[in-house]
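Since the structure comes first, as structure tokens, the remarks are kept for the end.
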Amino acid sequence: MQKSFPKDILLQDMDIESYVGAPLFDSNGNPLGIIVAVDRKPLKNPKLAESILKLFATRTATEMERIRVEEELIKNEKRYRTVVESQEELIVRWKPDGTRTFTNSAYLKYFGISPQEAIGTSIMPYVAKEDRKKLREKISYLTPDNPIEKDEHRVVKADGTIAWNQWIDRGIFDSNGKLIEIQSVGRDITKQKEAEENLLKSEERFRKTVENISDGLAIIEEDKMVYCNNRLCEIYGISKDEITESTITDFIVPEDKERVLEETEKNIHAGKMHFAMDYWIQRKDGTKRCVRKSTNLRIDEEGKRYNYVVITDITERIEAIVSLKESEEKYRELFNNASNAVIIIDDKTRCIEDVNVAAINMFGYEKEQFTTLKWQDITTDEKIVDENSRDIYDKVFEPLQTYTLKMKRKNGEIFSAEMNISYFFSKGRKKRIYTFRDITEKINLENQLRQSQKMEAIGSLAGGIAHDFNNLLVAILGYSELLAEQIKDKDSNLLRYINEIEKAATRASNLTKHLLAFSRKQILQPKIIDLNKLIEDTSKIISRLIREDIEQILNLKKPAKLIKADPTQIEQVIINIIVNARDAMPNGGKLLIGTDSVNFTEEYISKNRIVDKPGKYVLLSISDTGRGMDEKTKNRIFEPFFTTKEMGKGTGLGLSTVYGIVKQSGGFIWCESKLNEGTTFKIYFPETEEQAEIADKDLSEQHKIIGNETILIVEDDERVRNLLSESLNMLGYNILRAKDGNEALERIKVFKGSVDLLITDMIMPGIRGNELSNQLKKIYPQMKTIYVSGYANNTIEEIQKTDKGDIFLQKPFNIKKMAKKIREILKSPN
């Protein structure tokens, strides 16, 4: 060769001495290409080499033509894919003898028949003859105890087309358990069946390929070889049994072994999942071969390390150049099966040249339509729409980077997508690969999380403020009360001033209740509630709240399901929402209040984050036909102090209170609203199986408020502690006081008498109120306890674990109320 072409540098660089080639033709005699073989030595038998190459040329041409035909078939199949995938489920009802009694439009359209041709005629002619017996057998299995069967069979459409369907058959039985009708819901699975068949063929081809390729393959679990192909055995010169009982490092020659092990560990520690190295091995017969080992590392969920190893014998040859045909096949398979949308664009013309199935599904265009599209047709993002030159284009989008863009579907829907760019060259031209992933759901979930975290943070702040504020109010109300008792002249202006202080403190107390409700730290008294009855009882109040030009409509599902919640708070929820609804309808309208029962499955919750836990819920819905809200306003309605009303006409705490009560009651609340289309609040409360308790008769009587018992007061707020000590001492009680549980236990050690009553804050540094009470009752078994607290924080649940004789008093409170509670609990036997 070099003599014939002495100026050919490539022949000289590759040291090629001999050449043989054979042309490739298709079945019509059209040229496809040429297949050649070269060698560094002169051919000993050129005729033999040429004969062998011609044999390979014939097989190669046949394979190339087959691939081309398959690609044409794939293209034809894709033209109809959208039509097939857009079909709805097929529904048909039929009698055991096969007579159809009902079909939906999708069924009629699918089989190509009219309602007249379907109703009253047998289903069997539309089932493939080979599958009719199997279908009858399936139907015979339907019983009242086994009302559902699933089957797959072929069907025959009106035009004679045979297709595969998957059906779910539900039996309908009369009162005697006799099957009277079958309702079948089906879908087309023809492509699935074809894919399964192609997969089996592909797996068989893969197995044969793995066993017959020229490279050795091995799978190594930890350091133990668990699989190898025949070629690996040939390279190492031993049998499969012998090689699987060894490790792959056993065959490395001593002078290379240390280096190979060090490089392997170095790559693994560096986090490399793919690496390659060359080294020498010693075969069983003592001969040595040089191999290239390519390793793909995988680590499973249990931390086991798997090495997928390719061993190439490079002793007498250089690495084979991967043929263009194999590269194209691998690219096409990856391209068509990619889950993300992929668009290929010519870098020079900026025209779309190819798209995969995911892109067709994502953007809604037919494959042929993409070639006529511009960037403006599939995006609204300014980074792309406003680019006017290659410089801007190249600077905006760099390869190996991820960009978030606003994309546009054929129907005009805007969605968010992540985009990556890469490059490749085809026939000397640069191509850009754009990969898109729809992240709309991801962004929605992130927004929900941020909103939830914001509400939680605001709630914690509000709860903390309310707790501290309640302690101040206890002191203000208490000392005002004590001061009023000291004034003998009932007409004195001082009493009027004190009264105004008490009124202001009471209004402040109501404000803290709203804050505690929003922060979910108020004290609830849950009871078993019939929500329907509560709404009916509240409807009279509602009628007084709304105007005559607003029509109140109740739609309460019966029989009613029960919930467990504080009825007073639930009434507050209803009233707060209705007041907002009234204000949103200044010109009148309709107010709709409804209930319903819903059951959320885990599958439904995973797709629709309405509630956090699966189960049965009772739905309370309140709708109005008022002004509605835009999205920005709707996202802030549950924030405390946020209001759209005029100054002085709203506190901004109504809906934040609603949110807190619903959440603290274990429920979930959602708002649906659009401008000028009204607003709907949907509240989901967990359904309870508990039954309502019969309320005990109120046997309490007016007790005297003075006494001489010994009371231990434990309160971490000094103002509240001093107020209780002074006021109760004035009423005749013997008072012990401590700032926390530890100080209280120390005082008891030196106290010689008996403690009749413990008044303690539930939430304190160190020992909590209920823990202190339990310890003291071991010393004073007859001792009673009054718990006080400014917010819940599991307070009710903790009190429920204590003795039944103990009671709870919520801050703020006045001295008379405290004094009456003391006499009640001290006089009560339990």
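Table for the structure above
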read-out	value
Percent RCO, i.e. relative contact order, over the stretch 141-222, from Cα pairs under 8 Å lying at least 6 residues apart	21 percent
Where the Cα pairs of the stretch 710-827 fall when distances are cut into 5 Å bins, in %	2, 11, 25, 27, 23, 10, 2, 0
For the stretch 9-69: accessible area per residue (Å², 1.4 Å)	74 Å²
Built amide H within the under 5 Å cut-off of ASP381, gap 5+	LYS406
With eigenvalues of the C-alpha gyration tensor scaled by 5 and rooted, the stretch 87-194, Å	22, 16, 12
Residues of the stretch 276-308 with amide N under 11 Å of a point placed 7 Å along Cα→Cβ from VAL253	279-283, 287-291
Normalised alpha carbon radius of gyration of the stretch 213-319 [divisor 2.2 N^0.38 Å]	1.02
Amide H partners (placed H, <5 Å) of ILE735, local residues excluded	ILE711
Candidates per chymotrypsin sites (Phe, Trp or Tyr not before Pro) in the stretch 137-173, loop by DSSP, up to 14 other Cβ within 10 Å	TYR141
Length-normalised contact order for the stretch 9-69 - Cα pairs under 8 Å, 6+ apart - percent	35 percent
Percent carbon-and-sulfur accessible area, the stretch 710-827, ignoring ligands, DNA and RNA, probe 1.4 Å	44 percent
Rounded to whole Hz, the Karplus (6.51, -1.76, 1.60) HN-Hα couplings of the stretch 360-368, x for glycine and proline	4, 5, 5, 9, x, 9, 5, 4, 5
Packing-based order for 286-298, 422-434, 751-763, using average beta carbon neighbours within 10 Å, highest first	751-763, 286-298, 422-434
Amide H contacts under 5 Å for LEU809, placed H, 5+ residues apart	TYR787, VAL788, SER789
Relative contact order (%) - criterion: Cα under 8 Å, at least six apart; region: the stretch 536-637	31 percent
Value of Rg/Rh across the stretch 149-272 [Cα atoms, Kirkwood radius]	1.35
Per residue solvent-accessible surface (Å²) - the stretch 200-258, probe of 1.4 Å	59 Å²
Full-stretch length increase - THR568, ASN28 - with 0.36 nm per residue and alpha-carbon distance subtracted	185.5 nm
Percentage of interatomic Cα-Cα distances in the stretch 523-686 larger than 30 Å	13 percent
Ranked packing of 707-718, 668-679, most packed first, by mean Cβ within 10 Å	707-718, 668-679
Highest-first arrangement of 655-661, 6-12, 764-770, where packing means the average Cβ count within 10 Å	655-661, 764-770, 6-12
Integer Hz, Karplus 6.51/-1.76/1.60 couplings in order for the stretch 821-826, x for Gly and Pro	4, 5, 5, 4, 6, 6
Pairwise centroid distance, computed over Cα atoms, of the stretch 192-221 with the stretch 238-280, Å	26 Å
Karplus-derived HN-Hα couplings along the stretch 476-483 (A = 6.51, B = -1.76, C = 1.60, θ = phi - 60°), whole Hz, x at Gly and Pro	4, 5, x, 5, 4, 5, 5, 5
Calculated FRET value between ILE706 and ARG544, using beta carbons and R₀ = 45 Å, to 0.05	0.60
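The values are calculated or read from the model by the stated rules, or taken from the named source; none is laboratory data. Since we're looking at a predicted model, the values are computed, not measured. No Cβ is skipped: glycine too gets one built from the backbone with ideal geometry, and neighbour counts run over all protein chains shown. Accessible surface is based on the protein model in full, side chains and every heavy atom, while ligands, DNA and RNA are left aside. Shrake-Rupley method; radii C 1.70, N 1.55, O 1.52, S 1.80 Å.
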